[in-house]
1. Of all residues in region 52-70, which are of a type in the set (S, T, N, Q) and either in contact with a Phe, Trp or Tyr (Cβ under 6 Å, 6 or more places away or on another chain) or more than 21 Å from ALA119 (Cβ to Cβ) (or both)?
2. The conditions are (1) out of contact with any helix residue (DSSP H, G or I) (no Cβ under 6 Å at 6 or more places or on another chain); (2) without any contact (Cβ under 8 Å) to a residue 40 or more places away in the chain, and ASN134 fails exactly one of them. Which is it?
3. Scan region 22-49 for residues that are surrounded by fewer than 24 Cβ atoms within 10 Å (Cβ to Cβ), under 24 Å from LEU103 (Cβ atoms) and not polar (S, T, N, Q) and jot them down.
4. Before we move on, is ALA139 over 21 Å from ASN23 (Cβ atoms) and buried (at least 18 other Cβ atoms within 10 Å of the Cβ)?
5. Of all residues in region 1-19 being of a type in the set (Lys, Arg) and in contact with an Asp or Glu (Cβ under 8 Å, 6 or more places away or on another chain), which is farthest from LYS88 (Cα to Cα)?
6. If I filter region 142-153 down to residues being outside any strand (DSSP E or B) and in contact with a strand residue (DSSP E or B) (Cβ under 7 Å, 6 or more places away or on another chain), which single residue comes out as most open to solvent (accessible area, probe 1.4 Å)?
7. Whether any residue in region 173-185 is touching a Pro at 6+ places or on another chain (Cβ under 7 Å), without any contact (Cβ under 8 Å) to a residue 60 or more places away in the chain and not aliphatic (A, V, I, L, M) is what I want to check.
Amino acid sequence: MNLERKEFLKELKIFWLKENIPNLSEVNARFLSFLIDISKSKNVLEIGCANGYSTIWIADILEKNWWKLKTFDVSLPSFEDAKKNISKTNLDKIVDFNFWNFLDFDLWDEKFDFIFIDARKKFYLDFLQKIVKNTNPWAIIFIDDVIKFKHKMENLYERIENQDDFEFFILPINDEDADDWVMLLKRK
C-alpha cells in the first residue's frame, strides 16, 4: 500500500473512532487484506462497507492485478461516504458499489473467491445462506465481530455448529480488543 493511502486510512480511522462509525479494526483489516492476497482471490464480495475503510484495504490488494470487488451497503450516508473515500484513493475502477439490501439482490451466476461480511449482525446467517451458491469451491468467507456481537447471531452459530458442509475457525486477531474475533469459513 502506498504512503498516501496509508495516511488516508489513518485519517479515516481517527474520524470513525471519533464519530463511532462501526468499522473493521486495523489489525483485522490487515489480516483480511493478507488473506485476500495469499489466496489470490480475483472476485471479492463485501457485504457492509460502512465508510469504505475495509473497502480500501481490499481494493488496494486487488488493484495490482485489476481484480474486482463488489460491495453492498444499505445506509445511504455510509454508501455515499464510502464512494467518496474510495474516489480519494483512486480505487474506483476496482470497486462495484451497490446501494442495495444485499438480501434482495440477485447475483445471478456470479462466483466469488472471497466474501467479507461486516453488516447487520442479525442477518449474518441470511447472508451466508444467500452467498453459498455464489462461492467457488475454494472460496473463503471472512465474518467480523463474531464474539463481540455473538448474541445477535445465535442462529448463525447454531447453523455452523450443527452442519458438516463448512470448515470453520473462530480466531482472536486483535489482541487490543479481547472480543474482536473473526470467523473464517470454507466449504468442505
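The values are calculated or read from the model by the stated rules, or taken from the named source; none is laboratory data. Because the structure is a prediction, the values reported are computed rather than measured. With ideal geometry, Cβ positions are generated from the backbone for all residues, glycine too; neighbour counts draw on all protein chains shown. Accessible surface areas use protein heavy atoms only, side chains included; no ligands, DNA or RNA. Shrake-Rupley method; radii C 1.70, N 1.55, O 1.52, S 1.80 Å.
1. Taking region 52-70 first, the residues of a type in the set (S, T, N, Q) are 54-55, 65.
ASN65, the sole residue that qualifies.
2. With (1) out of contact with any helix residue (DSSP H, G or I) (no Cβ under 6 Å at 6 or more places or on another chain); (2) without any contact (Cβ under 8 Å) to a residue 40 or more places away in the chain applied to ASN134, the lone miss is (2).
3. Result: PRO22, single match.
4. Numbers: over 21 Å from ASN23 (Cβ atoms): yes; buried (at least 18 other Cβ atoms within 10 Å of the Cβ): yes.
Considered against the rule, which asks whether it is over 21 Å from ASN23 (Cβ atoms) and buried (at least 18 other Cβ atoms within 10 Å of the Cβ), ALA139 comes out as yes.
5. Filtering region 1-19 down to residues of a type in the set (Lys, Arg) leaves 5-6, 10, 13, 18.
Still in the list and also in contact with an Asp or Glu (Cβ under 8 Å, 6 or more places away or on another chain): 5, 13.
Working: ARG5: 9, LYS13: 15 Å.
Among those residues, the one meeting the criterion is LYS13.
6. Narrowing region 142-153 to residues outside any strand (DSSP E or B): 145-153.
Adding the requirement that they be in contact with a strand residue (DSSP E or B) (Cβ under 7 Å, 6 or more places away or on another chain) leaves 146-147.
Values: VAL146: 0, ILE147: 63 Å².
Result: ILE147.
7. Pass one, region 173-185, residues touching a Pro at 6+ places or on another chain (Cβ under 7 Å): 181.
If we keep only those that are without any contact (Cβ under 8 Å) to a residue 60 or more places away in the chain as well, we get 181.
Going one step further and asking which of them are not aliphatic (A, V, I, L, M), we end up with 181.
Yes, the conditions are met somewhere in region 173-185.
Residue by residue, here is whether (1) within 19 Å of LEU24 (Cβ to Cβ); (2) outside any loop (DSSP other than H, G, I, E, B); (3) of a type outside the set (A, V, I, L, M); (4) touching a strand residue (DSSP E or B) at 6+ places or on another chain (Cβ under 6 Å) holds:
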position	(1), (2), (3), (4)
ASP96	no, yes, yes, yes
ALA119	yes, no, no, yes
PHE127	yes, yes, yes, yes
VAL132	no, yes, no, no
ILE140	yes, yes, no, yes
ASN155	no, yes, yes, no
ASP164	no, no, yes, no
PHE169	yes, yes, yes, yes
